[in-house]
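The values are calculated or read from the model by the stated rules, or taken from the named source; none is laboratory data. Because the structure is a prediction, the values reported are computed rather than measured. Because the Cβ atoms are built from the backbone with ideal geometry, glycine has one as well, and the counts that use them run over all protein chains shown. What goes into the accessible areas is simple: the full protein's heavy atoms, side chains included, and nothing from ligands, DNA or RNA. Shrake-Rupley method; radii C 1.70, N 1.55, O 1.52, S 1.80 Å.
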Amino acid sequence: MKSSAHVVVIGGGVVGASVLYHLTELGWTDVVLVERKELTAGSTWHAAGGMHTLNGDPNVAKLQQYTVGLYREIEQRSGQNCSIHMPGGLMLAGDRERMDWLRMAQARGRYLGMDMEIISAAEAKRMFPLLEEQYFIGALFDRAEGHVDPTGVTRAYVGCARQAGAEIYQHTWVSGLRQRPDGTWDVITDSGEIHAEHIVNAGGLWAREVGRMIGLELPVLAMEHMYLITQDMDEVAEYNAATGHELPMGLDFDGELYIRQEGGGMLFGTYEQACVPWSPRETPWTFDQQLLAPDLDRLAPSLEIAFKHYPALAGVGIKKVINGPFTFAPDGNPLVGPVPGVHNCWVACGVMAGLSQGGGVGLALARWMVDGDPGEDIWAMDVARFGNWASLAYTNAKVRESYSRRFRITFPNEELCTMVRERVGLTECSNFAKYRVTGAGSADWLQRLFTNRLPRAGRINLTAALDPNGHIVGEFSVARVGTDDFFLFGSHVAEAHHSRWFFGHLADGVRFDVLGLSLVGLSLAGPGARDVLQSVTDASLATENYPFMTFRRIDVGMIPAYVGRMTYTGDLGYEIWVTPEYQRALFDLLWQAGKPYGIGLFGFRALMSLRMEKMFGTWAREYRPIYTPVEARMHRSLKLDHDFIGRAAVEAELARGPARTLGYFDITPDPAEPADVVGDEPIWHGEAVVGWVTSGAYAHYSRRSLAFGYVPSELAVPGAMFEVEIIGQRRPARLLPEPVLDPAGHRMRV
Ligand SMILES: Cc1cc2nc3c(=O)[nH]c(=O)nc-3n(C[C@H](O)[C@H](O)[C@H](O)COP(=O)(O)OP(=O)(O)OC[C@H]3O[C@@H](n4cnc5c(N)ncnc54)[C@H](O)[C@@H]3O)c2cc1C
């Protein structure tokens with residue numbers, strides 16, 4: 001065994017193997033993979049091998065598409081048979097809601113270049129004669145679905161990596177990880193130590209335990225999962241003989257079922273509602289290529305549907321029942337990327353569909369390690385989307401929910417919110433991420449990171465932070481309370497992502513604190529906000545004394561607070577920040593004071609709808625690490641009078657013009673079947689899909705259906721007409737030059 005390597009990948013499942021392969025593809029060949037047993041000994045060996053390109057997040061769907069396309073290449077290069085079957089797949093709808101969802105999925109697939117077709121129930125029956133047509137109203141057919149041999153795929157990845165110089169050590173258990181003062185790692189195994197610059201945790205079922213070796217609690221949990229394989233069936237033989245090919249794969253949402261041909265019989269599995277976590281606290285190291293005891297009673301409700309929808313299954317013997325564990329993150333998407341706060345420690349785990357996603361996960365992580373950037377929009381998979389709040393108990397509850405809702409439709413929310421526009425509303429804003437930056441040199445440090453000039457003391461402004469290629473790392477409100485004393489406010493979901501970036505750039509003498517819930521807040525918004533707040537403070541809130549974008553420490557009642565005059569609703573408003581012991585008292589004070597003004601409560605979803613009327617973008621939708629501030633039209637936060645990271649890239653882009661531009665659209669819904677945009681719908685121009693929606697909502701006050709979306713810059717002309725495809729219907733979408741509500745911003749400044 002080598003005593004040193006550039007990278008040690010821990011775990012020889014399909015994911016670790018893919019990471020190893022992609023590292024070598026990108027030129028890092030001094031890499032080793034360490035596997036405690038045989039390759040595939042975790043979840044991989046007993047996987048059903050199914051591959052789908054569809055995913056709730058289009059960016060993950062894109063990486064799944066890449067994965068499916070990779071298998072022929074690694075099979076051919078390694079000489080390892082992957083048993084690739086590509087019969088295509090049917091997603092079957094039993095009711096109108098599901099059919100609408102499939103139409104949306106088809107539309108989203110368009111801009112990813114997916115070739116999917118809506119077909120009738122009769123056509124689905126012709127393609128898949130085992131189904132009982134009366135239970136379905138239609139289907140979506142995807143040619144790019146199929147199945148592979150998980151062991152073959154893992155060996156093929158490893159085979160290609162080995163050809164490039166990678167080494168693989170099986171029966172070698174990593175029992176500890178020790179970081180040296182210079183940030184490099186000693187990987188301690190039962191066959192000796194390897195000194196490595198980087199480590200990758202691809203420990204699958206044991207990723208949590210590998211994380212714990214360095215005091216990290218990763219939000220992953222294994223769930224039991226069962227599938228059944230039938231004896232050979234006459235119906236299958238007849239179909240094969242008549243058509244010359246195997247049956248397509250099926251996804252049946254009513255029974256949470258997937259079904260496909262396996263040899264001369266059928267394989268079917270289910271995401272049962274009575275789901276069971278496996279080893280919720282600790283995965284035993286003694287577990288090795290084992291299966292769990294089947295529990296068919298748990299599957300009974302799904303089996304009942306399976307026998308009704310595919311009657312031939314009821315009459316055939318079951319040859320094998322597989323029950324095995326595999327891991328999920330709380331939202332069902334993988335955990336990928338650099339671990340926040342731990343130098344050169346990477347993860348690729350929580351991958352619940354390793355055969356669909358493993359290739360994309362390996363590619364993104366390898367690019368991130370080698371190039372410093374994953375190369376795609378992988379926000380939905382970034383390990384930093386979870387913070388310390390993702391505890392064991394949270395993970396346990398959310399993973400059960402994700403598992404049992406695997407095939408469910410999540411309906412977009414609908415909120416009424418006009419109270420904020422007409423009177424005054426109160427909401428909690430503690431769920432913004434809050435940071436404090438102090439210490440000599442803070443101002444110089446932030447100025448080098450931010451695209452906008454820093455505000456004067458007592459003021460707030462908006463800014464962006466960019467990577468060296470000019471892509472958006474984050475957007476923040478910056479409040480200055482002293483020469484070298486700042487509060488930063490940003491997106492809560494990106495707290496770990498942003499902290500990782502700030503800590504990664506920290507300068508000597510500067511202190512960067514993630515405030516979490518040590519600073520909490522309430523936000524008052526609406527025309528009556530000043531009257532309410534003024535009635536409980538001696539500080540003058542008149543505009544001449546407390547103009548828009550002021551940030552000061554004042555007393556509210558007897559409560560010491562930092563009060564910023566700004567809101568995300570676009571109305572007159574104040575954000576009031578206090579330490580947690582005062583929040584209850586603050587709420588009671590404002591609530592009582594607000595009663596004469598008709599105060600009401602509003603929530604985060606309402607806020608998201610209100611911000612659409614004001615054309616305010618948001619993190620993870622309009623602002624993501626694949627866009628630039630020029631594309632996102634953040635010009636007001638972009639000042640080229642100082643040096644900042646990414647400035648050269650911005651200047652170059654300004655000189656040549658952005659390739660795409662964030663547009664703001666007024667949609668004309670179908671009066672007969674009104675439905676609003678929710679995000680990820682394709683944008684058509686003529687007969688071509690030219691862009692995609694980033695977010696959309698019904699604006700209750702303006703009574704308009706609004707959307708944001710990126711389109712080619714040459715088409716982004718005010719008034720230009722596009723179409724947005726909503727549930728299979730192309731609806732007119734006019735590009736607006738300015739917010740539908742108060743374009744001059746008077747309401748915020750009164
Ligand atoms: C019944 C069932 C059916 C499934 N069907 C499908 C399907 O049809 N399609 C699909 O895409 N996915 C399917 N899956 C999911 C799929 O199995 C997983 O997504 C995939 O196997 C995850 O791979 P992995 O490499 O992350 O983890 P694992 O396969 O668990 O690999 C992790 C490896 O790391 C090694 N390891 C851990 N810790 C250490 C250490 N300290 N030192 C050395 N080695 C270590 C382990 O021994 C193990 O081999 C199924 C899962 C189950 C249970």
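One table, with the values for the structure above:
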| quantity | calculated |
| --- | --- |
| Residue-span extension gain [residue 274 to residue 581] - 0.36 nm each, minus C-alpha spacing | 106.5 nm |
| Set of lysines near residue 308 by C-alpha distance (under 16 Å), chain-local residues within fewer than 8 positions excluded | 125 |
| Cα-centre dipole for the chain with unit charges at Cβ (Lys and Arg positive, Asp and Glu negative), debye to 20 | 1840 |
| Estimated FRET transfer efficiency when R0 is 22 angstrom, pair residue 592-residue 422 (beta carbons, to 0.05) | 0.60 |
| Longest site-free stretch - the chain; sites: GluC sites (Glu not before Pro), DSSP loop, at most 16 other Cβ within 10 Å | 545-686 |
| Nearest-10 value in Å² for the accessible area of residue 285, using the 1.4 Å probe | 80 |
| Alpha-carbon centroid distance for the pair segment 1-61 / segment 627-701, whole angstrom | 35 |
| Rounded, prolate or oblate (a/c below 1.5 giving rounded, otherwise prolate when a/b exceeds b/c) for segment 600-721 by Cα gyration tensor | oblate |
| Cα-based Rg / Dmax (Å) for the chain | 27.4, 87 |
| Using θ = phi - 60° and Karplus 6.51 cos²θ - 1.76 cosθ + 1.60, couplings along segment 375-389 (whole Hz; Gly, Pro as x) | x, 9, 7, 10, 3, 5, 10, 4, 4, 6, 6, 10, x, 4, 5 |
| Mean separation of Cα contacts under 8 Å, 6 or more apart, over the residue count of the chain: relative contact order % | 12 |
| All lysines inside 21 Å of residue 37 as judged from Cα atoms, apart from same-chain residues fewer than 8 positions distant | 2 |
| Between helix 604-613 and the chain: long-axis angle, C-alpha atoms, 0 to 90°, nearest 10 | 70 |
| Eligible lysines near residue 595 by straight Cα distance, threshold 28 Å, same-chain separation 8 or greater | 614 |
| Alpha-carbon centroid distance for the pair segment 111-148 / segment 383-407, whole angstrom | 31 |
| Ranking by accessible area, most exposed first, for 524, 517 with a 1.4 Å probe | 517, 524 |
| Segment 272-400 - percent of accessible surface contributed by carbon and sulfur, probe 1.4 Å | 53 |
| Area projected by the alpha carbon convex hull of segment 256-373, averaged over all directions, nm² | 10.3 |
| Surface per residue (accessible, 1.4 Å probe) for segment 1-100, Å² | 32 |
| Where trypsin sites (Lys or Arg not before Pro) in DSSP loops with at most 11 other Cβ within 10 Å are excluded, longest remaining stretch of the chain | 1-280 |
